[in-house]
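What follows is a single structure, written as structure tokens, with notes after it.
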Amino acid sequence: MPVDHAVIIGAGIAGLTAALSLSRRGISSEIFEQADELTEVGAGLQLSPNASRILAGLGILDTLSKIWLEPESIRLISGSSLRQLAVVPAGKFARQRWGAPYGVLHRTTLQKALLAAVEAEPLCRLHLGMRMEAGPPPSERLADVVIGADGVWSKLRQSIAGGPSPRFSGNIAYRFTIAEDEAPGFLDRTSVSAFLGGSAHLVSYPLKETGSFNMVAITDGNIAPQAWQSEPTAEQRAQLRSRLAGWNAAIVSLLERQPKLTFWPLFETTSGAWQDGRAVLIGDAAHAMMPFAAQGAAMAIEDAYELAACLSDRPVAEALAHFERHRAPRIAKLRQRGAFNRFAYHARGPIRIGRDLVLGLKPPQSLAADLDWIYGYRAMRP
Ligand SMILES: Cc1cc2nc3c(=O)[nH]c(=O)nc-3n(C[C@H](O)[C@H](O)[C@H](O)COP(=O)(O)OP(=O)(O)OC[C@H]3O[C@@H](n4cnc5c(N)ncnc54)[C@H](O)[C@@H]3O)c2cc1C
């Protein structure tokens, strides 16, 4: 029997994209979100062509591209000497090579655009202030499928036998913003920059919407409270300082000067079953991953779109099994790429020297070719 109506838990990027994708295939949905309103969440986001291509298909890319910045390049820079180690072209090059744009934007901008599209769609119904605890939420219609898009601390996951579990990743993110007119000269106003150093890296890019730089330092760390976001304690600031030993003094002082740092322990999920024939997990609920390849939200968008394609022409149990078989290898490969990037970005000593030599020998075209399988991916159509 074809799927007619879905219940979605969570109105994050995965949940809203799922509702829209289903509606484009004539499937109605009700989304249950615990928050009373969808307010400003998180910080900046890089959206790569594999995701922006889907957003174009869903009709929201025009809204985003009026607001976001298409960076000219993604630069890898030494955190000690500030020397450029490698560069991947983006901007027009990304549109030509991967057939869709690469953009950086505030997470709220994406969330708002998705929300506006969902609210304009008669097949989608959003219930705010509704937290799923145990058991299915009180939907208006009987659902053929329940979609868990409820993030890394997913409740729905607990009802799926053999489902993944969350674990501390051993990484901590420290987030802050800098007003563009107060930003030091080494912060590039046209590109995404990743400064690399032993045990840590710092990503920076400008956000047009806010006139500020989005800054995230990611370090090894061993403090794992189950806290989402908080001000770092004196001990946590000391840990950050120790991870920046040997870094360029300008970067160290920039971080030390920040009165407002957000301390964010990063959790990921172990591998495990994503579906049981009636319910399915997507996005971070299924496979929260470290941001070393900047692909978590992109994978949530791909999941949502491809799940809708699977549900549009098969009975539920078959569709969910097909979805899991189809998505799992790509997610596993991306996790491996993330782990490799972590190893390379945080390298020290002889490994760092080797990394810098290899990167120095790679022309931008060759670095871009290494990303074809991620950015050039064309999501499944029914
Ligand atoms: C530092 C950092 C930088 C990142 N940078 C990038 C990047 O540049 N590019 C990229 O693609 N990805 C990036 N990511 C990853 C990306 O942020 C996530 O993968 C993505 O936001 C996951 O979206 P989601 O919708 O699956 O989950 P979430 O955003 O967590 O949404 C889950 C939703 O479900 C709701 N919810 C939870 N529990 C319940 C419940 N019981 N009942 C009802 N509702 C519930 C929540 O309130 C929330 O609205 C980054 C991540 C980090 C940590």
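No value in this document is a laboratory result; all are computed from the given coordinates. All values derive from a computational prediction rather than experimental measurement. Cβ coordinates were reconstructed from backbone atoms using ideal geometry, including for glycine residues, and neighbour counts include every protein chain displayed.
Table for the structure above
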{"quantity": "Given charges at Cβ of Lys, Arg, Asp, Glu: the chain dipole, positive-most of Leu58, Ala200, Ser78", "calculated": "Ser78"}
{"quantity": "Candidates Ala285, Ala161, Ala19, ranked by Gaussian network fluctuation over the chain, Cα under 10 Å, top entry", "calculated": "Ala161"}
{"quantity": "Over the range 242-382, equivalent-ellipsoid semi-axes from the Cα gyration tensor in Å", "calculated": "37, 20, 13"}
{"quantity": "Inverse of mean 1/r across different Cα pairs in the range 122-252, Kirkwood, Å", "calculated": "18.6"}
{"quantity": "Computed over the range 131-195, Kirkwood Rh from alpha-carbon pairs, angstrom", "calculated": "16.8"}
{"quantity": "Charge dipole of the chain about the Cα centre (unit charges at C-beta), most positive-ward option of Asn341, Gly26, Tyr102", "calculated": "Asn341"}
{"quantity": "In degrees, nearest ten, helix 296-311 long axis to first principal axis of the chain (Cα)", "calculated": "20"}
{"quantity": "Cross-link table Lys92/Lys208; Lys66/Lys208; Lys112/Lys155, entries beyond 22 Å C-alpha to C-alpha", "calculated": "Lys112/Lys155"}
{"quantity": "On Cα atoms only, tilt of 316-345 relative to the major axis of the chain in degrees", "calculated": "10"}
{"quantity": "Amide H contacts of Phe213 (H built 1.01 Å from N, under 5 Å, at least 5 apart or other chain)", "calculated": "Ile178, Ala179, Glu180, Leu207"}
{"quantity": "In the range 1-100, chymotrypsin sites (Phe, Trp or Tyr not before Pro) in a DSSP loop with at most 12 other beta-carbon atoms within 10 Å", "calculated": "none"}
{"quantity": "In Hz, Karplus ³J(HN,Hα) per residue of the range 121-135 (6.51, -1.76, 1.60; θ = phi - 60°; x = Gly, Pro)", "calculated": "9, x, 7, 10, 9, 9, 10, 8, x, 10, 8, 7, 9, 9, x"}
{"quantity": "Cleavage-rule hits (trypsin sites (Lys or Arg not before Pro)) in the range 39-102: DSSP loop, at most 14 neighbouring Cβ within 10 angstrom", "calculated": "Arg83"}
{"quantity": "Karplus 3J(HN,Hα) series, Hz, for the range 361-370 with 6.51 cos²θ - 1.76 cosθ + 1.60 (x for Gly, Pro)", "calculated": "8, 8, x, x, 4, 6, 5, 5, 4, 4"}
{"quantity": "Under DSSP loop assignment and at most 15 Cβ neighbours within 10 Å, longest GluC sites (Glu not before Pro)-free interval of the chain", "calculated": "210-382"}
{"quantity": "Three-way shape call for the range 4-84 based on the alpha-carbon gyration tensor, with the a/c threshold at 1.5", "calculated": "prolate"}
{"quantity": "Helix-only mean residue ellipticity at 222 nm for the chain, each DSSP H run of n ≥ 4 adding -39500 (n - 2.57), per residue, nearest 500", "calculated": "-11000 deg cm²/dmol"}
{"quantity": "Check: the range 266-382 dipole with +1 on Lys, Arg Cβ and -1 on Asp, Glu Cβ, in debye", "calculated": "440"}
{"quantity": "Overall Cα dimensions of the chain, principal axis frame, Å, largest first", "calculated": "62, 45, 38"}
{"quantity": "Least to most buried among Asp284, Asp36 (fewest other Cβ within 10 Å first)", "calculated": "Asp36, Asp284"}
